[in-house]
1. What is the antiparallel percent of DSSP beta bridges lying wholly in the chain, to the nearest 5?
2. How big is the dipole moment of the chain about its Cα centre under a simple scheme where the beta carbon of each Lys and Arg is +1, that of each Asp and Glu is -1, and everything else is neutral? Debye, nearest 20, please.
3. In percent, how large is the relative contact order of the chain, given Cα pairs closer than 8 Å and 6 or more residues apart?
4. Leaving out same-chain residues fewer than 8 places away, which aspartates and glutamates sit with a Cα under 18 Å from that of Lys111?
5. Using +1 at the C-beta of Lys and Arg and -1 at the C-beta of Asp and Glu, which of Phe115, Ser270, Gly90 has the Cα lying farthest in the positive direction of the dipole of the chain?
6. If Lys and Arg each add +1 and Asp and Glu each add -1, what is the summed charge of the other residues whose beta carbon sits under 15 Å from the beta carbon of Ala70?
7. So how strong a dipole does the range 225-272 carry about its Cα centre when Lys and Arg Cβ are +1 and Asp and Glu Cβ are -1, to the nearest 20 debye?
8. Using a 10 Å Cβ count of at most 15 others and DSSP loop calls, identify the longest part of the chain lacking such GluC sites (Glu not before Pro).
Amino acid sequence: MAETISAARIIDSAVRKLLRDRKGEPLIVGLCGSQGSGKSTTCGELAEGWRREGLRVAVLSLDDLYLRRAERQHLARDVHPLLATRGVPGTHDVSLGIETLRALREHGPVKLPRFDKAIDDRSPEMYWDEVEAPVDIILFEGWCVGALPQDPSTLVHPINALESHEDADGRWRNYVNEQLQGEYQTLFAQIDFLVLLAAPSFDVVLRWRTQQERELAQRRDGPGVMDAAALMRFVQHYERLTRHVLDEMPGRADLVIAIDADRTVLSTSSSI
């Protein structure tokens, strides 16, 4: 039987080719993939291997840029109740992400933001990781990293129960799309090499996300740990944009790694 090649090994091979031509500037690798697709595991494997070889690596997750709980509650009061839930564009501190990537290009210590999902709030800065800049490689991962906004005409009709019952007028999904069209594109434009870890479909996301939640619940308890009903509703916040990414990003990502429901690599396509 042929050996299965991991997503990390495929990305490693591509990045090594790109590093040969870098002239001191950090290489920013964007890794996009739906919830539970293995982004964090892949980044951890890559970072560990590169550090063993003496490369300086920083890992930044879009999830760690979430707005504080109080800030999202403010948005829920002033804009739309669904914005209390972390996840979609509009619920991140994009300026913090832009500033962090900028700092990683300069000289000196850089604090990497961290978000604690068990308490659904940003971790105190004393718990943030610190790296010495500049670094050689920045791994920037997230479920909608590199995503483009949708055509507003596609937002008219709801696609799931959450949108039907809690966003019947489309105000929330239009706000999310408008946010994605703005400062998020400035953040994503800093990516040098965009990788898509492509799930077979959105249907596997609930299964993957349930596995993640069980692991979180085993580690600790808190208001951010969800039961099955809450989790099903939560995943619907991500459905529209996840489907959009799976549809449009394969045509423009620098590297597409197609995986099956067990996260086994099925195929790859690359522009390099």
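1. The antiparallel fraction comes to roughly 40 percent.
2. With only Lys, Arg, Asp and Glu charged at Cβ, the dipole is about 280 debye.
3. With pairs under 8 Å counted, the relative contact order is 26 percent.
4. In chain and number order, the partners are Asp63, Asp64, Asp93, Glu99, Asp121, Glu125, Asp129, Glu130, Glu132, Asp136, Glu141.
5. Result: Ser270.
6. Net charge around Ala70: 0.
7. Its charge dipole is roughly 120 debye.
8. 107-272
Every read-out reported here was derived from the displayed coordinates using simple, explicitly stated rules and does not represent laboratory data. Every value quoted in this text rests on a predicted model; they were computed, and no experiment measured them. Cβ atoms come from the backbone with ideal geometry, glycine included; neighbour counts cover every protein chain shown.
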